[in-house]
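First up is the structure itself, then whatever we jot down about it.
Nothing in this text is a laboratory measurement; each read-out follows from the coordinates by a stated rule. In this text the structure is predicted, and so the values were computed from the model without any measurement. Using ideal geometry, Cβ is built from the backbone for each residue, glycine included, and neighbour counts are taken over all protein chains shown.
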Amino acid sequence: MSGFAKHLYLILFPNEALVASQLTPEEFGKHYAIGSPRHFTGKVLFVEVDVSFRHPYLKIDEYLKITESPVPDRPKRTKFVKSYRVLEHVDFSALQSLYLVTTGGGVLALQRSEEPAEIEEEKGVHLYQEICPLRILVASSLSPRQFGRYITGETWSKGAPKIFFTKYDIDVEATVAGHELRAYTLPNVNPTNLPTALRELKEDPSKRTKTVSLNPNLDYMSYKAIKHGFWFSGEEGTVFYRMPGMEELREKHNAWWRLL
């Protein structure tokens, strides 16, 4: 048996999977982004799961036991535990650091934190990117916590037991006011969809959400477009991970920021 520590990583993007590994989070992120022949390019988002966490659906003990490299002094890079309905079976209390990986293999760790009260107090229309297990781009008049509760407990047709999502930083007023053909455009999205959805929400206070696109958009957007951070929502409540601002990234995480 090797002396390498074993980890559990819940990949949230580009696919949903629970993976056992003997790589550190930084090594795992770099391997998955640029070292694996199965994933050629694009962002990777994953969260470390407490290695002591167990759930009968996931058979973690069985897979941790065989997370050993056949090559001496070489860590086992990945051993997939499960690739279907993973997030809904992981307790939020087991979630540790969240990692954002650039296309060049840079890895930034985000910590669980208290959500600033002013985020929930922001009025108007917001643009949310659902990341796992759903991938829908949604405009909504709901605050992040309200949106999370709505998706995981108040809508059946477009919901999920748990959701991981983020919020994009856009100028809603300017987008709504602009001519549709010259409006703020999002990659992989019909250019008229966003202003139309935002306008509809502003004009109808009773409407809470409006789908902008069924296509996943995160891979086409810069991490610089993230506003505030990332949320996990479900029956257990909400877990928030703060995204550092641009100045903080330049000063404290310059190596990662330069890879954006």
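Summary table below
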quantity	calculated
For Met243, Met221, order by how many other beta-carbon atoms lie within 10 Å, fewest first	Met221, Met243
Pairs beyond 29 Å (Cα-Cα), from Lys59/Lys162; Lys76/Lys224; Lys167/Lys202; Lys82/Lys224; Lys162/Lys227	Lys76/Lys224; Lys82/Lys224
For segment 1-146: relative contact order, % (alpha-carbon pairs under 8 angstrom, 6 or more apart)	26
Residues Ser113, Ser21, Ser213 arranged by fewest to most Cβ contacts within 10 Å	Ser113, Ser213, Ser21
Identified option (computed percent of Cα pairs over 29 Å apart; candidates (i) 60; (ii) 49; (iii) 33)	(iii)
Whole-number percent relative contact order across the chain, with pairs defined as alpha carbons under 8 Å at least 6 apart	18
Potential lengthening between Glu120 and Asn215 on full extension [0.36 nm per residue; Cα-Cα distance subtracted]	31.5 nm
Per DSSP, loop GluC sites (Glu not before Pro) in segment 34-123 with at most 11 further Cβ within 10 Å	Glu114
Amide H contacts under 5 Å for Ser213, placed H, 5+ residues apart	Leu137
Fewest-first ranking of Trp156, Trp257, using other Cβ atoms within 10 Å as the exposure measure	Trp156, Trp257
Angle between the chain longest axis and helix 193-203 axis [Cα atoms, degrees, rounded to 10]	60
Exposed-loop-free span, longest in the chain, where trypsin sites (Lys or Arg not before Pro) count as exposed if DSSP calls them loop and at most 14 other C-beta atoms lie within 10 Å	208-257
Cβ-defined net charge surrounding Thr67, 13 Å radius [Lys, Arg +1; Asp, Glu -1]	+4
Taking all pairs of distinct alpha-carbon atoms in segment 117-257, Kirkwood radius in angstrom	15.7
10 °C / 1.306 mPa s Stokes-Einstein diffusion coefficient of segment 7-110, Kirkwood radius on C-alpha pairs, µm²/s	116
Environment charge at Phe46 (Cβ cut-off 13 Å; Lys +1, Arg +1, Asp -1, Glu -1)	-2
